[in-house]
Structures are given as structure tokens and as C-alpha cells.
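Asks: I have a structure I would like to understand better, so I am pasting it below and will then ask my questions one at a time.
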Amino acid sequence: MERLSSIFSEPFFIILLGGTLTSSTPIILAAIGEDFVESGGILNLGLEGMMLLGSFTAFVVALNTQNIYLGLLSGMAGGVLIALIFGYLVIYLKINQIVAGLGIEIFVIGITSLLYRVIFGTTFPVISEITSKTPVPFLSQIPYIRSVFNQHIITYLSLAILPVAWWMLYKTNFGLNVRAVGENPVAADAHGVNVYRTRYLTLILEGVLAGLGGAFLSICDLAFFVSNMTMGRGFIAIAIVMLSKWNPARIFYGAFLFGICQSLTFGLQIIGLDVPREFILMLPYVAVIVLLCVLARNTRLPGAFCQPYERE
């Protein structure tokens, strides 16, 4: 009974809610970018590689410059680099998107692990005293939920991007062009839409957001880098996009579910509940798989999804 009552204690809620938003941030950023890409008819399984290279480049730059903003910009640049490579492979060379995406992911895992070993050897550097949170005045003093309003600025930014992404995709000419290219690139081309450029722009946007998400993970959340530290977050983001039916407004719910399952690892430790750590760590992935099994049958893919386009 004592442990059960601890679930309703303030420390448990503070850890759970604060950790949920922190864990959700990289997923939200990556999923928004993937939403635009998939709406344009491309499946990018290299999203995990974008996030991982963003994590690595951000960590190396931030560690050497002691400047978090340079680290974040470097992480975004790393994501864009992968986007440009992937776009050239699937848009212009018309390589199979699944093969290209998986190939890029495997390559990035290998190259980041190698470069980390070359640069740092057997040491384990940690970024210190350059990350900080931005409390919201008054709201960050409310009991139980004060951790929700005491987050990194990137977390606030990711939440603000959600409605902006919805507006861009459904209320602007750019979003209309993206969706038209995803549904019927031949008809879109006939109406004057540059299919290649539109798809490339969505990939670059995804590179910026996914790289930022990876950078957040390594320098704002964990403050260190380890091999393959993204741990499948890119694939989780892809699944969440499909579950949200390509509506950015719904991405938050899937990301929040992932975050709350992940933050349970620390929350249950606070109340002293004896649950194997490995069991809790697998909860976010099991939850997403269950939702995919239940909801994926009602998902309608864009008409030209995963199909290369060649102008006649």
C-alpha cells in the first residue's frame, strides 16, 4: 500500500511528466519531418541515420566549443547532409527507397562508432555546464506539474512546431504541392509543380528537424554520446507518422505515449517498485507495435507512396 500511494506522490509525477516531455522531443521533431516526406510520397528509413549523425556531430562540436547553439546547428547540418545523400539516391538515381534508407542507417551507425573511437579512444567524455532548462514564470511553481513548464527551449520549440507544421501542410501552397506530389506526381507535374524539387525540399526539412532531434538527445538530454544511441527512435517516429495518418496535429499523442512509457523507467525507481529495467525499457516499443497492429489496417497510404517518379 505504501508503494501504491507513492504513485500519487509529487516526486513521481514530477519525474514522470518532466521525463515524458523530454523523451518525446526527439520523436516529435523527427516525426514532423517524416510526415512531410511521406506526404510527398517518399519513405525514408534512413531517418534513424539522420538522427544519429545529428547526435554525433552536435556532441563533438559542443564538447570542443562549449557552445550548445553551435552544437545544435552542427546537428542540423549533419541531418541535412544525410538528407542530400538520400535524396540524390532515391530521387535522381531512383534507387529503391527501402534499400537506400537501410543502407544509410547501417553506414551511419558504423561511421559514427568508428569516428568516436578514433577521436576519443576509450575515454568517455561528458558535456558539463552548458545545457540548461528554461522555466516558465509562475507555471513552473505549480505542484505536481511544475516539471512540465521547466524544460529545455528545444522542447518548447518542438511543441510549437506541431501546429505550424499542420498549417504548412494543409493551409499553404507548399503543403498542397507536397500532398499532390505524394498522391499523383504526374498530375502535379502537369500543373507546373516541380516534383523533384518539392520532394528534395521535404527531405531537407526532415534533415533539419531530425538532426535537431538527435542533437537534443546527445547534448541537451543525456550530455554524452554512445554508439547507436538513438536506439530505434527513427523507426518509432516513422510508425507514429503512419498511426497519425500523416496529420502533424496527431503526432503529439504517439510521441507522448512513447515518452511516458520511457520515463516510467525513472518514475518506478523513485517509488522503489521492483520491476526489471529491461522490461520497462521495452514498453515504448511494445506500445507502438500494439497500436500498429490495431490501427494500421485503417491507414490509407498516399497514392504514389514509395514510388520513384521519372518525368516523361
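The values are calculated or read from the model by the stated rules, or taken from the named source; none is laboratory data. The structure displayed is predicted, hence computed values, not measured ones. Glycine also receives a Cβ, built like all others from the backbone with ideal geometry; neighbour counts cover every protein chain displayed.
Asks: Of all residues being over 30 Å from Ser128 (Cβ atoms) and among the polar types (S, T, N, Q) in the range 191-221, which is nearest to the chain's Cα centre (by Cα)? Just the residue, please. It would help to see each step written out before you state the result.
Replies: First, the residues of the range 191-221 that are over 30 Å from Ser128 (Cβ atoms): 191-206.
From what is left, the residues that are among the polar types (S, T, N, Q) are 194, 198, 202.
Numbers: Asn194: 27, Thr198: 21, Thr202: 15 Å.
Ranking the qualifying residues of the range 191-221, first place goes to Thr202.
Asks: Also: Restricting to the range 38-55, give me the number of residues that are among the hydrophobic types (A, V, I, L, M, F, W, C), buried (at least 24 other Cβ atoms within 10 Å of the Cβ) and more than 13 Å from the chain's Cα centre (by Cα).
Replies: Of the residues in the range 38-55, 1 are among the hydrophobic types (A, V, I, L, M, F, W, C), buried (at least 24 other Cβ atoms within 10 Å of the Cβ) and more than 13 Å from the chain's Cα centre (by Cα).
Asks: Tell me whether the range 173-181 contains one or more residues that are under 26 Å from Gly46 (Cα atoms) and of a type in the set (Phe, Trp, Tyr).
Replies: Yes; the residues of the range 173-181 include at least one that is under 26 Å from Gly46 (Cα atoms) and of a type in the set (Phe, Trp, Tyr).
Asks: Among the residues of the range 109-119, write down those that are without any contact (Cβ under 8 Å) to a residue 60 or more places away in the chain and in contact with a helix residue (DSSP H, G or I) (Cβ under 9 Å, 6 or more places away or on another chain).
Replies: Once the filter is applied, which keeps residues that are without any contact (Cβ under 8 Å) to a residue 60 or more places away in the chain and in contact with a helix residue (DSSP H, G or I) (Cβ under 9 Å, 6 or more places away or on another chain), the range 109-119 yields Ile111, Leu115, Ile119.
Asks: Can you confirm whether Leu89 is at pLDDT 90 or above, more than 21 Å from Ala215 (Cα to Cα) and assigned to a helix (DSSP H, G or I)?
Replies: Yes, satisfied.
Asks: If you don't mind, another one. Within the set of pairs 6+ apart or on separate chains, which have a first residue in the range 176-188 that is closer than 13 Å to Thr202 by Cα and modelled with pLDDT of 90 or more, a second that is charged (D, E, K, R) and surrounded by fewer than 16 Cβ atoms within 10 Å (Cβ to Cβ), and C-beta atoms under 9 Å apart?
Replies: Between residues of the range 176-188 that are closer than 13 Å to Thr202 by Cα and modelled with pLDDT of 90 or more and residues that are charged (D, E, K, R) and surrounded by fewer than 16 Cβ atoms within 10 Å (Cβ to Cβ), there is no close pair.
Asks: Looking only at the range 41-86, how many residues end up being under 18 Å from Leu29 (Cα atoms) and not in a helix (DSSP H, G or I)?
Replies: Residues meeting the conditions: 5.
Asks: Restricting to the range 147-202, count the residues that are touching a Ser or Thr at 6+ places or on another chain (Cβ under 8 Å), under 19 Å from Tyr92 (Cα atoms) and among the β-branched types (Val, Ile, Thr).
Replies: The total comes to 3.
Asks: Could you check, for the range 218-230, whether at least one of its residues is free of Cβ contacts under 8 Å to residues at least 60 places away in the same chain, within 13 Å of Ile28 (Cβ to Cβ), out of contact with any Ser or Thr (no Cβ under 8 Å at 6 or more places or on another chain) and not small (Gly, Ala, Ser)?
Replies: no
Asks: Follow-up. Quick one: is Val186 buried (at least 16 other Cβ atoms within 10 Å of the Cβ) and more than 25 Å from Cys220 (Cβ to Cβ)?
Replies: no
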